[in-house]
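Engineer: Here it is, the structure in full.
The values are calculated or read from the model by the stated rules, or taken from the named source; none is laboratory data. Keep in mind that what you see is a predicted model, and the values were worked out from it rather than measured. Reconstructed Cβ throughout: ideal geometry from the backbone, glycine too, with neighbour counts over all protein chains shown. For the accessible areas, the whole protein counts, side chains as well, though only heavy atoms, and no ligand, DNA or RNA atoms are used. Shrake-Rupley method; radii C 1.70, N 1.55, O 1.52, S 1.80 Å.
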Amino acid sequence: MLLPGGRTAHSRFRIPLEIDKDSYCAIDVGSDLAELINIAELIIWDEAPLQHHHGFEAVDRTFRDVCRYHLPDAENKIFGEKLLCLEVTFAKFCPSLHMDLVGTLSMLPS
């Protein structure tokens, strides 16, 4: 699913701004957002390396909680057994690496 205008992970998953090792996201199990999470087959999380590990842990705990009503044993599965693609654009962080990868990719046979 592509979100018009895009959303940050904090906004979409309602990750608390002040987060600790026991935090949960502010998603009610019966909400429309919980239903969206349950029907999603793939979640692409852009700029994932910028997220603090407590943010990932909060999303994991929340997904396990939200998905357990639709998927047996979801509370024992990482991210409620949802497929997450954690993405980063390295060009923003290391332009010289980007140029090297672009050059390398352009030399590969098509």
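Engineer: If you take the residues in the stretch 69-107 that are open to solvent by 100 Å² or more (accessible area, probe 1.4 Å) and assigned to a loop (DSSP other than H, G, I, E, B), which one is modelled with the lowest pLDDT?
Structural biologist: F93
Engineer: Answer with yes or no whether F79 is touching a residue at least 12 places away in the same chain (Cβ under 8 Å) and within 20 Å of P16 (Cα to Cα).
Structural biologist: yes
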